[in-house]
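Asks: Here it is, the structure, as structure tokens.
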Amino acid sequence: MRIFASLSLAVLALASFTANAQKSAAPQVAQTPPMGWNSWNYFAEKVTDKDIRDSADQIVANGMKDAGYIYVNIDDTWEAERDATGLLHTNSKFPDMKALADYVHSKGLKIGIYSGPGNKTCGGYAASLGHEEQDAKMYADWGIDYLKYDLCSFIPDVMEKQAPNDKAAQMRIMIAAYDKMAKALKATGRPIVFSLCQYGWDAPWEWAPALGGNLWRSTGDISPDWDRIYAILSQQDGLAKYAGPGHWNDPDMLEVGNGKLTLEENRAHFAMWAMVAAPLLAGNDLPHMTPEVKSILLNRDVIAIDQDKLGKQGTRAYSDGEVEVWTRHLSGGALAVAVLAAGDSRYSTHPFHLDLARLGLHGPQEAKNLWTGKTMTLTEHMPIEITSHDVLLVRIAAPK
Ligand code: GLA
């Protein structure tokens, strides 16, 4: 009898231990930089429910899902007004958000949404101020997996009003607002990626991870323009130590395939975002993507650099004139090297000479060129011809 009683107690204890372990072992999100697609860079305020469904369909059909693009994110302009209970309604472009989320999930994908801590979003739509818990619960009820939370009107409406002329106090108010939504999301019990969009103000890399931010914009908005893309890339240098599994610097969503970016620029943009362990959120018109753009977004070798399990962001090793050499340490001791012709006027009559010693490499290195797929040997001071705005991207499996 006594043995039986203590056995039951042991079983009970084990059951409660397992339950607690399960509770505390909520799946961890963003262990590698989030990959997916976001509506803003191409559709902006015109995005509709149909565009999201079509994009989800494309992601499955064109191989992006298999390559790791999982999040289908609705950006700004889905919102209508709140009713008397404070519940935020969707506008006519998004008649049924729950049904849309179910559709995206039925494709084996995840769905993201957008709001902000102010009264209004950047597009002037209703945001979450004073309704954080209610909105977080609504997202969880819909089955949302990702929230981009954009500062915008919170600056004039709250920060500048509550603490005029006191930048430090304004920043504290901003951090508290992000913390509030982080707690509201956590309270839902649903794993939701939390993306901070506040343009890199007040060094979010220093405080966002502690409040549960999975990524934080490290700069202002991107545009499909080489100078802007390169300016944003330059601002990533120095931020590497803040990135790691679960928390990433976000140099903004991809413009690959948008605007007038050339093949070289699209390739260099994608390569460098992979080098800096950026979230890879495509932002182009998927149903009308050219084969060239598709082959860039689907390059598994480049994606593998971005998604490397070690989660160590790459850094600029050195620059020489208008050419920059970046390196990224990868799991298994491998090394990615990117040689970027950042400037406008580099011609083949002026080859760049790679300085392996400055990368800590000694003697010839066997490498894989990730755009051609071919093996090549890097030698000390070898001349490299790179067209303006293009990149040589290689992976050295066993650096010497
Ligand atoms: C801000 C963000 C963009 C986009 C728009 C939407 O500008 O930085 O990425 O979300 O708002 O209004």
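The values are calculated or read from the model by the stated rules, or taken from the named source; none is laboratory data. Here the structure is a predicted model, which means the values were calculated and not measured. Using ideal geometry, Cβ is built from the backbone for each residue, glycine included, and neighbour counts are taken over all protein chains shown. Just so you know, the surface numbers come from the protein's heavy atoms only, side chains and all, with ligands and any DNA or RNA stripped out. Shrake-Rupley method; radii C 1.70, N 1.55, O 1.52, S 1.80 Å.
Asks: Please indicate, with yes or no, whether at least one residue in the stretch 380-396 is closer than 25 Å to residue 313 by Cβ and open to solvent by 50 Å² or more (accessible area, probe 1.4 Å).
Replies: So far as the stretch 380-396 goes, yes, one or more of its residues are closer than 25 Å to residue 313 by Cβ and open to solvent by 50 Å² or more (accessible area, probe 1.4 Å).
Asks: Does the stretch 127-143 contain at least one residue that is within 16 Å of the ligand (Cβ to nearest atom), outside any loop (DSSP other than H, G, I, E, B) and out of contact with any Cys (no Cβ under 7 Å at 6 or more places or on another chain)?
Replies: No.
Asks: Right, here's the next one. Considering each residue of the stretch 215-235, count those that are away from the ligand (no atom under 16 Å from the Cβ) and either hydrophobic (A, V, I, L, M, F, W, C) or touching a Phe, Trp or Tyr at 6+ places or on another chain (Cβ under 9 Å) (or both), and give that number.
Replies: The total comes to 2.
Asks: Return the pairs, sorted by first residue and then second, in which the second residue is open to solvent by 10 Å² or more (accessible area, probe 1.4 Å) and among the basic types (Lys, Arg), the first residue lies in the stretch 334-345 and is within 15 Å of residue 305 (Cα to Cα), the beta carbons are less than 7 Å apart, and the residues are 6+ apart or on different chains.
Replies: These pairs meet every condition: 334/395; 336/395.
Asks: Among the residues that make up the stretch 273-281, is at least one of them in a strand (DSSP E or B) and either touching a helix residue (DSSP H, G or I) at 6+ places or on another chain (Cβ under 9 Å) or away from the ligand (no atom under 16 Å from the Cβ) (or both)?
Replies: yes
Asks: Any chance the stretch 166-178 includes a residue that's β-branched (Val, Ile, Thr) and either surrounded by fewer than 14 Cβ atoms within 10 Å (Cβ to Cβ) or free of Cβ contacts under 8 Å to residues at least 24 places away in the same chain (or both)?
Replies: Yes, because at least one residue in the stretch 166-178 is β-branched (Val, Ile, Thr) and either surrounded by fewer than 14 Cβ atoms within 10 Å (Cβ to Cβ) or free of Cβ contacts under 8 Å to residues at least 24 places away in the same chain (or both).
Listed here are the residues, each with its yes/no results for (1) open to solvent by 40 Å² or more (accessible area, probe 1.4 Å); (2) at pLDDT 95 or above.
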site	(1), (2)
332	yes, yes
348	yes, no
353	yes, no
365	no, yes
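Asks: Okay, next question. Identify, from the list 257, 246, 212, the residue that is within 13 Å of the chain's Cα centre (by Cα) and either surrounded by fewer than 23 Cβ atoms within 10 Å (Cβ to Cβ) or away from the ligand (no atom under 13 Å from the Cβ) (or both). Talk me through it step by step, then tell me what you get.
Replies: Details: 257 fails: within 13 Å of the chain's Cα centre (by Cα); 212 fails: within 13 Å of the chain's Cα centre (by Cα).
Just one listed residue meets the conditions, 246.
Asks: Can you tell me which residue within the stretch 179-200, out of those that are among the aliphatic types (A, V, I, L, M) and open to solvent by less than 20 Å² (accessible area, probe 1.4 Å), is nearest to the ligand (Cβ to nearest atom)?
Replies: Applying the first criterion (among the aliphatic types (A, V, I, L, M)) to the stretch 179-200 yields 181-182, 184-185, 187, 192-193, 196.
Narrowing the set further to residues that are open to solvent by less than 20 Å² (accessible area, probe 1.4 Å) leaves 181-182, 184-185, 192-193, 196.
Details: 181: 15, 182: 19, 184: 20, 185: 18, 192: 17, 193: 15, 196: 11 Å.
Across the stretch 179-200, the extreme among qualifying residues is 196.
Asks: Restricting the search to the stretch 299-309, which residues are under 13 Å from residue 267 (Cβ atoms) and open to solvent by 40 Å² or more (accessible area, probe 1.4 Å)?
Replies: Once the filter is applied, which keeps residues that are under 13 Å from residue 267 (Cβ atoms) and open to solvent by 40 Å² or more (accessible area, probe 1.4 Å), the stretch 299-309 yields only 301.
Asks: One residue is enough: does the stretch 145-168 have a residue meeting the conditions over 11 Å from residue 116 (Cα atoms) and of a type in the set (Ser, Thr, Tyr)?
Replies: Yes - at least one qualifying residue is present in the stretch 145-168.
Asks: Further question: Identify, from the list 203, 268, the residue that is buried (at least 24 other Cβ atoms within 10 Å of the Cβ), more than 16 Å from the ligand (Cβ to nearest atom), more than 21 Å from residue 73 (Cβ to Cβ) and of a type outside the set (Lys, Arg).
Replies: 268
Asks: Let me ask you something else. Looking at (1) more than 29 Å from residue 198 (Cβ to Cβ); (2) open to solvent by less than 10 Å² (accessible area, probe 1.4 Å); (3) without any contact (Cβ under 8 Å) to a residue 40 or more places away in the chain; (4) touching a Gly at 6+ places or on another chain (Cβ under 9 Å), can you tell me which one residue 292 breaks?
Replies: Condition (2) is where residue 292 drops out.
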